[in-house]
Amino acid sequence: MDKHTKELITALAEQHTLPIEDYLYLIANRTEEAAAYAAELAVAARKAIYGDAVYIRGLIEISNICRNDCLYCGIRRSNTACARYRLTPEEILACCSAGYALGFRTFVMQGGEDAYFTDELLCALIREIKTRYPDCAVTLSLGERSRKSYAGLYAAGADRYLLRHETANAEHYAALHPAALSHTERMRCLSDLKDIGYQVGCGFMVGSPYQTETNLAEDLKFVETFSPHMCGIGPFIPHRDTPFAHHSAGSVPLTCYLLSLIRLMHPRILLPATTALGSLEPNGRERGILSGANVVMPNLSPADAREKYQLYDGKLSTGAESAQQVEALRQRIAAIGYTVVSARGDAK
Ligand code: SAM
């Protein structure tokens, strides 16, 4: 690692900010040694705040029906090969019940932008979950909605909202999405969510088509200045039935390096070791934790829903709906020196 790289990583750990050119320098000059140094400082920063705790979130994939046509996504509207499903409110509540018994204290409802899930239906569902499980947090990841809708869902009891910004660069955004979707609208959503009072998560794919190192530096600067409570980053993985079928997947080591840099800029951030990371490499999620991540999101969806919620090829689809599976996860995390805790796991 050259002297300047080491100085920049150290400065990020101490001051939590860098000019965009320096983020670009760190990305362009990444070496194994630099990544190991960043990971060492990131792990120390996280330990100082969260100890060895890893939070688990129960992911419930409520629908793969989507009005959008994002070019990278396997559940995009134009994919006629995708077998569609949606869970009923009763099925979602059954996932929460099973998850609660297994120690989950956060439920994440994620899905395509499916008009079936009206504000009325979602508010009633959120109220029911919060009444049954007052000690649990409800996280939503349901895409772009109006400010009024976000405010209503928050008033009904939703605590957190995950909405990846996907890329901080408007031109790159346009290369990944159809003309009907706009970068400005995505940013409007993120700013409304924060304003309303949600704990907000943004995020991006690493190695998405046409992404440049400058784009990644822009993403880091955006994450720094937006200062989200959570940030989901994972490698892009192609899906065979999308226009990006023949693009190559993102890199696990680069994703891990970026996780470390994000931990250094925001030591208190909740940073998942994502399913995409675990899908590209068998020990991908462990590598994420060893780079500074402190959250894993095992899947509580019924097995047939998990199989149909294919955002990309080869998605890790072992669920966490049984005690044995959660125990296996605990053991894997324990084997690298961390402890899965049963807590809401709000940002400290
Ligand atoms: N519809 C909601 C939204 O837009 O936020 C939530 C579901 S969306 C499928 C969740 C995330 O999956 C996206 O934000 C995107 O970053 C990620 N994703 C989609 N296709 C992917 C792919 N091919 N490889 C990796 N991640 C992907």
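The values are calculated or read from the model by the stated rules, or taken from the named source; none is laboratory data. These numbers come from a predicted model, not from an experiment. Every residue, glycine among them, receives a Cβ derived from its backbone with ideal geometry; neighbour counts consider all protein chains shown. Ligands, DNA and RNA are stripped out before the accessible areas are found, and what is left, the full protein with its side chains, is counted by its heavy atoms. Shrake-Rupley method; radii C 1.70, N 1.55, O 1.52, S 1.80 Å.
Per-structure values
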read-out	value
Carbon + sulfur, % of accessible area of segment 52-95 - ligands and nucleic acids excluded, 1.4 Å	53 percent
Per residue value of the accessible surface for segment 3-341 (all protein chains in place, 1.4 Å probe), Å²	38 Å²
Disulfide-incompatible cysteines by the Cβ rule (no partner under 4.7 Å) in the chain	66, 82, 95, 96, 123, 136, 189, 202, 231, 256
The chain: mean projected area of Cα convex hull, nm²	15.5 nm²
Projected label distance in nm at residue 346 and residue 91, using a 7 Å step from Cα toward the beta-carbon	3.3 nm
Straight-distance crosslink candidates among aspartates and glutamates, where the alpha carbon sits under 13 Å from residue 3 and sequence neighbours closer than 8 are dropped	33
Acute angle (nearest 10 degrees) that the helix 89-101 long axis makes with the longest principal axis of the chain, alpha-carbon atoms	60 degrees
Prolate/oblate/rounded label for segment 67-190 (Cα gyration tensor, a/c 1.5)	prolate
Dipole magnitude (debye, nearest 20) for segment 3-341, charges at Cβ of Lys, Arg, Asp, Glu	440 debye
Accessible surface of segment 237-303, 1.4 Å probe, proportion on carbon and sulfur as whole %	56 percent
Within segment 5-84, trypsin sites (Lys or Arg not before Pro) in DSSP loop having at most 15 other beta-carbon neighbours inside 10 Å	67, 84
Relative contact order of the chain, defined on C-alpha pairs under 8 angstrom at six or more residues apart (%)	25 percent
GNM result for the chain, Cα springs below 10 Å: residue of 176, 18, 280 fluctuating most strongly	18
Chain lengthening between residue 128 and residue 67 when straightened (0.36 nm per residue, less Cα-Cα)	19.3 nm
Degrees between helix 32-50 axis and first principal axis of the chain (Cα, 0 to 90, nearest 10)	60 degrees
Share, in percent, of DSSP beta bridges within the chain that are antiparallel, nearest 5	5 percent
